[in-house]
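Q: Submitted below is the structure of interest, expressed as structure tokens.
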Amino acid sequence: MSAVNYGDGLGVVTVTYSPGETLAPFVDTLAKATTRPVQVILADNGSVDGVPEEVAASREGVRFVPTGGNLGYGGGANRGVAALGPDVGWVLISNPDIEFSPGSVDTLIDAAERWPSGGMFGPLIREPSGEVYPSARLLPSLGRGLGHALFAVVWKSNPWTRAYRQEQAPVERAAEWLSGSCFLMRRSVFDAVGGFDERYFMYFEDVDLGERVGRAGYLNVYVPDAEVVHIGGHSTARSSDRMLREHHLSAYRYLADRHPGVLWAPFRAALKLGLSLRVRLLTRS
């Protein structure tokens, strides 16, 4: 299939699932984050609060696009990107509980001009407290991944977690993957890697995407001059135990995919057992 020649327009896709009061500030702060015309797609995974429909009806350039069911983050985002017109060559994918600093999206696009081999660009993400979230990280290798999984809760400063999270001075640099809560991509690169892997319902879909971007020969670029605030998981907070289980299922899928075959079967069995036990302990507590 031949590549599509996209225009230079900007599209923003957010996946909604009863987002509540976070969605209106998302759209309103986005209006000050760029001087470009924007197509905003609310890829809705089955909201019942009526907020996505209301926001789309009350704001220009915002379109409500039902996905047909709760497809998870990656599946919803893929449907949202597919709904954008061919004039859109820049795609920003974001959680609906993000608030943008003025000019932040234009800053990401400016960085893309400096990094012609960059395919994915991530801003500095702050918590509501002002703390910087480590959103540009190394890929979870077997050693780092297991060390982080085993010790992150009980020993936050362990060396595996510190290495994985890449907590350092916020300078513009290439990373191995970027947080899926907010990032900009060249649409041609999104197409080239096939978008999100929809087997990941929630979590690790951004790790997998960043790895595939790198394998395709593009860079994941952290751009700390662009700032956003991540308010927090409004929709996931209502089902935290389920989300914890989804996180561990996705962690297993990610590591199992990268260790296939008969020789790695004992590792996969031990990994599944270990993650299952960890979920039980955490959900009980």
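Q: Do we have ALA77 as out of contact with any Pro (no Cβ under 7 Å at 6 or more places or on another chain) and either free of Cβ contacts under 8 Å to residues at least 60 places away in the same chain or surrounded by fewer than 22 Cβ atoms within 10 Å (Cβ to Cβ) (or both) here?
A: no
Q: Also, I was wondering about something else. Considering region 79-116 alone, what residues qualify as being in a helix (DSSP H, G or I) and among the small types (Gly, Ala, Ser)?
A: GLY80, ALA82, SER104, ALA111, ALA112
Q: Hey, another quick one. Among (1) out of contact with any His (no Cβ under 8 Å at 6 or more places or on another chain); (2) at pLDDT below 95, which single condition is PRO102 missing?
A: Going through the list (1) out of contact with any His (no Cβ under 8 Å at 6 or more places or on another chain); (2) at pLDDT below 95, PRO102 breaks only (2).
Q: Restricting attention to region 1-52, which residues are of a type in the set (A, V, I, L, M, F, W, C), surrounded by fewer than 20 Cβ atoms within 10 Å (Cβ to Cβ) and assigned to a loop (DSSP other than H, G, I, E, B)?
A: The first filter runs over region 1-52 and keeps only residues of a type in the set (A, V, I, L, M, F, W, C), leaving 1, 3-4, 10, 12-13, 15, 23-24, 26-27, 30-31, 33, 38, 40-43, 48, 51.
From what's left, surrounded by fewer than 20 Cβ atoms within 10 Å (Cβ to Cβ): 1, 3-4, 24, 31, 48.
The answer is MET1, ALA3, VAL4, ALA31, VAL48.
Q: Consider only pairs whose beta carbons are under 6 Å apart and that are at least six residues apart or on different chains; among these, list those whose first residue lies in region 249-271 and is more than 12 Å from LEU142 (Cα to Cα) and whose second residue is at pLDDT 85 or above and not small (Gly, Ala, Ser).
A: These pairs meet every condition: SER250/TYR200; SER250/TYR203; SER250/PHE204.
Q: Could you list all residues from region 1-30 that are among the polar types (S, T, N, Q), out of contact with any strand residue (DSSP E or B) (no Cβ under 7 Å at 6 or more places or on another chain) and within 25 Å of ASP110 (Cα to Cα)? Full working, then the answer.
A: Initially, region 1-30 is screened for residues among the polar types (S, T, N, Q), giving 2, 5, 14, 16, 18, 22, 29.
Those still in the list that are out of contact with any strand residue (DSSP E or B) (no Cβ under 7 Å at 6 or more places or on another chain) too: 2, 5, 18, 22.
Across region 1-30, the qualifying residue is only ASN5.
Q: Scan region 1-19 residue by residue and report those that are modelled with pLDDT of 95 or more and more than 21 Å from GLY75 (Cα to Cα). Lay out the reasoning, then the answer.
A: Our first condition is that a residue be modelled with pLDDT of 95 or more; within region 1-19, this holds for 6-19.
Hits for region 1-19 are TYR6, GLY7, ASP8, GLY9.
Q: Looking only at residues that are part of a helix (DSSP H, G or I) and under 15 Å from LEU138 (Cα atoms) in region 163-195, which one is modelled with the lowest pLDDT? Explain how you work it out, then say what you get.
A: Looking only at region 163-195, we keep the residues that are part of a helix (DSSP H, G or I), and these are 163-165, 187-192.
Narrowing further to those that are under 15 Å from LEU138 (Cα atoms): 163-165.
Working: ALA163: 59, TYR164: 51, ARG165: 58.
Filtering region 163-195 for residues that are part of a helix (DSSP H, G or I) and under 15 Å from LEU138 (Cα atoms), the one modelled with the lowest pLDDT comes out as TYR164.
Q: Here is a follow-up. Tell me, which residue of region 115-145 that is among the hydroxyl-bearing types (Ser, Thr, Tyr) and under 14 Å from the mean Cα position of the chain (by Cα) is surrounded by the fewest Cβ atoms within 10 Å (Cβ to Cβ)? Outline the logic, then answer.
A: So the first thing to find is which residues in region 115-145 are among the hydroxyl-bearing types (Ser, Thr, Tyr), and the list is 117, 129, 133, 135, 141.
Subset that is under 14 Å from the mean Cα position of the chain (by Cα): 133, 135.
Details: TYR133: 16, SER135: 26.
The extreme case among them is TYR133.
Q: Every residue in region 221-235 that is surrounded by fewer than 20 Cβ atoms within 10 Å (Cβ to Cβ) and either of a type in the set (Val, Ile, Thr) or in a loop (DSSP other than H, G, I, E, B) (or both), please.
A: Hits for region 221-235 are ILE231, GLY232, GLY233, HIS234.
Q: Condition (residue is farther than 20 Å from VAL221 by Cα, aliphatic (A, V, I, L, M) and more than 16 Å from the chain's Cα centre (by Cα)) applied to region 90-109: is it met by at least one residue?
A: No, region 90-109 contains no residue that is farther than 20 Å from VAL221 by Cα, aliphatic (A, V, I, L, M) and more than 16 Å from the chain's Cα centre (by Cα).
Q: Name the one entry in TYR218, TYR254 that is aromatic (Phe, Trp, Tyr), buried (at least 18 other Cβ atoms within 10 Å of the Cβ) and at pLDDT 90 or above. Give the derivation first.
A: Values: TYR254 fails: at pLDDT 90 or above.
Result of the check over TYR218, TYR254: TYR218.
Q: Kindly indicate whether GLU198 is more than 14 Å from GLY122 (Cβ to Cβ), in contact (Cβ under 8 Å) with a residue 60 or more places away in the chain and part of a helix (DSSP H, G or I).
A: Details: more than 14 Å from GLY122 (Cβ to Cβ): yes; in contact (Cβ under 8 Å) with a residue 60 or more places away in the chain: yes; part of a helix (DSSP H, G or I): no.
So GLU198 fails the test.
Q: Counting only residues that are among the small types (Gly, Ala, Ser) and under 24 Å from TYR203 (Cα atoms), which one in region 82-110 is surrounded by the most Cβ atoms within 10 Å (Cβ to Cβ)? If you could, list the steps in order and put the result at the bottom.
A: Restricting attention to region 82-110, the residues satisfying the condition of being among the small types (Gly, Ala, Ser) are 82-83, 85, 89, 94, 101, 103-104.
Restricting the remaining residues to those that are under 24 Å from TYR203 (Cα atoms) gives 82-83, 94.
Values: ALA82: 12, ALA83: 17, SER94: 23.
Looking at residues that are among the small types (Gly, Ala, Ser) and under 24 Å from TYR203 (Cα atoms), I get SER94.
The values are calculated or read from the model by the stated rules, or taken from the named source; none is laboratory data. Keep in mind that what you see is a predicted model, and the values were worked out from it rather than measured. Neighbour counts run over all protein chains shown; Cβ positions are idealised from the backbone, glycine included.
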